[in-house]
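One structure is given here, and the rest of the page talks about it.
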Amino acid sequence: MKQTKNCARSVSGEGRDAAPHQECAFLSATAENAREGLCTAPGAEEFPCRSEAMFQELAENIREVFWIRTPDEVLYASPAFEEIWGIPREDLRLGLEFMMNRVHPDDRDRVLASCRRHESRGAFNEEYRLIPADGQVRWLWTRAFPIWQNGRIVRTVGVSEDITERKLAEERLQNSKNTLGAVFDGISDPLMLLDGSMCVVKMNKAARLLYGIPLDSEPVAYGKPCYSSLMGRGEPCNGCDFRKFFKEGVRSSFERRDFKSPGSIEQFTVFPVGGENGGDGSVIIHVRDVTEAKRIEGELIRADKMISLGVLVSGVAHEINNPNSFIMLNTPLLHDAWESVTPILEEYYAENGDFAVGGLPYSEMREEMDKLFHGLLEGSRRIDRIVRELKRFSRPEDVSADEVVHINDVLKNASSLVANLVRKSTDAFSIRYGENLPALRGSAQKLEQVVVNLIRNACEALPDRSKAVCVSSGYDEAWGRVLIQVRDEGVGIPDEILPRIMDPFFTTKKSRGGTGLGLSVSANIAREHGGTIQVETRRGNGTTFTVVLPMRKGFPRLPKILVAGGDGTARDEVVRMLTEDRKYIVFGASSGVDACVRMGAERPDLMVLDASLPDMDGVEVCRSMRGIPELSGVGIIVVSEIPHSPPLEFLAKNGFVSVVSKPVLEQELLAAVESALAGVPVRKP
């Protein structure tokens, strides 16, 4: 065989162990020499190589397929061809069409098109899938270049490399990126990634919605400072501390008011990512709207103040009652004493004429004494009545109260409690008591609370003292219902807020100290008695609230169940399961704080508690209950995805042992509720 000249480079005896890219570089350089005409050969037996033995050793030991072909046939393919393609090298004689049948159908047209371009332009560089004889799909990367002679391609030299592992790694990496992106976008709170220049790198869907950026296009904010692209400012926002967080590189959190909209409160949490020594790296900004949480927190504090006020009122009433008792007991004695000495005084008056008694002439004093004693006694009795009503109103009541209730007595007691407010609000207050009303079974105190709330709202709705408030009771014999009606001539309720007036903490009187609990509590009390509260209103023409209480013999008391869960959809589904048969009074709570508020206000018999709640988890809620004696008897059903988790072990040790696994099944839940109300644990975690 003819020896070639002017080879591109020499190869040491270490060529067998050299890295694949070095081996391919040598073969490519050899072919390049051939292309440049430095070493030529007319046929396969004379292909360019400085040393046939060295070429043979290198080509047949690399993992890549090195091949040389003419427009008509394949002149050479290294042994790696058989390992990758899974067919003998002799089959290369079957031609290009046979080889193309091994290319994956989805890639075949693209590879054929590239081959045609190669025939005219000379360049070929493609990654494609191959289906070898064993059927296991592989990825190949083929690079080829032509050897020209007299203006036409006489040979093509190429290298085909198995890149399956690399492709699989790239696919796994892409899947990880897609998963991370889905998680990033799926987080309901806004998230943003900013670089050290405060430029936006990435935003999730919630962040785009927050700043009004369309979801169907690449955010225009990317690569621009956050204060200009998101806020339309030429400089950082007032009070912005992000630059400090970039430099410090530590997790920080702060709140900003009126940032998104007037009255809103957003909590910004900054998480540093990367950067040398924590400085000048990127940060993830987590934005959380805490307006509602802050409002609930404020209402919880206010509710706690109301509880304290109730305790104070009870104590003050007790302190007033003690000295008033002396007045009530001693006033009749003083009156009897006056009656006893009156004949003596009259005799003295007849003999000696008028004289002074207590700074007044006796002739005047004797006319006023009976009035003074009567007024003193009547005032003392009135103090006693008010004190008793205050003590009874502020006293916590057993939720199992089941007494005979006369609605007219409820109206009398309630109107007495708000008499001062009524006198200040209207000159036209009236009460009409229904005749022959049947007695109910329930809680007189709670029904009084309903009437007090309705009268108070009616008074506060009046524009001036000339407008009336009318309270009445009646009986609907056709339907067997007792009715309580409170009508005012106030401003009415706007249509847009009418659906929300029964919601907890919803109030239009926040600036005047309204808590938003009055109507919500009243509606729950009506439901406890099997009834409802109906509302009729016209803007500018007043409002009528009607409490409808059905008559039931024995009045079976329905158990009250609180469903506490952060997932609104799941919580609503549990409420639906429990209310379908109308066997329970069910109400919901969306967070741990909300659950604590509802527990204190409603005193339920049972709570269905999601182990994971926003702001307070199930363990914290249960700890809070343990510290309140009045709630120690409330049953607990814990709903958890992990029934044997450490939090549930803690609950089990503290007596909360009923557990329902997620997803919640209706039959399992109903059985657990019945067992819990009967005092039987479902199972121990």
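Measuring only protein heavy atoms, the 1.4 Å probe finds Phe124 accessible over about 20 Å². Placing a pseudo-label 7 Å from each Cα along the Cα-to-Cβ vector at Glu60 and Thr342 gives an inter-label distance of 14.5 nm. Modelled label positions at Ala439 and Ser325, each set 7 Å beyond Cα in the direction of Cβ, lie 2.9 nm from each other.
Amide H contacts under 5 Å for Val290: Ile265, Glu266, Gln267, restricted to partners 5 or more places along the chain or on a different chain, H placed in the peptide plane at 1.01 Å from N. 3J(HN,Hα) along the range 585-590, derived from phi through the Karplus expression 6.51 cos²θ - 1.76 cosθ + 1.60 where θ = phi - 60°, amounts to 9, 10, 9, x, 9, 9 Hz, with x in place of Gly and Pro. Accessible surface ranking for Thr532, Thr544, 1.4 angstrom probe, highest first: Thr532, Thr544. In this calculation the C-beta distance from Glu127 to Glu83 is compared with R0 = 25 Å, giving a FRET efficiency of 0.85. Here the calculated FRET efficiency for Tyr227 and Ser188, from their Cβ-Cβ distance with R0 = 30 Å, stands at 0.75, rounded to the nearest 0.05.
The phi-based Karplus calculation (6.51 cos²θ - 1.76 cosθ + 1.60; θ = phi - 60°) puts the 3J(HN,Hα) values of the range 421-436 at 4, 4, 4, 7, 9, 8, 9, 10, 9, 9, 10, 10, 8, x, 9, 6 Hz, whole numbers, x for Gly and Pro. Between Phe98 and Val201, the modelled labels are 5.4 nm apart [label points 7 Å from Cα along Cα→Cβ]. With every protein chain present, what accessible area does Asp107 have (1.4 Å probe, heavy atoms only), rounded to the nearest 10 Å²? Accessible surface of Asp107 is approximately 10 Å².
A Förster distance of 45 Å, applied to the separation of the beta-carbon atoms of Lys177 and Arg576, puts the FRET efficiency at 0.70.
Using a cutoff of 8 angstrom between alpha carbon atoms and counting only pairs six or more residues apart, the relative contact order for the range 411-545 works out to 24 percent.
The values are calculated or read from the model by the stated rules, or taken from the named source; none is laboratory data. Everything numeric in this text was worked out from a predicted model, so none of it was measured. Cβ atoms come from the backbone with ideal geometry, glycine included; neighbour counts cover every protein chain shown. Areas reflect the complete protein model, heavy atoms only, side chains present, ligands, DNA and RNA absent. Shrake-Rupley method; radii C 1.70, N 1.55, O 1.52, S 1.80 Å.
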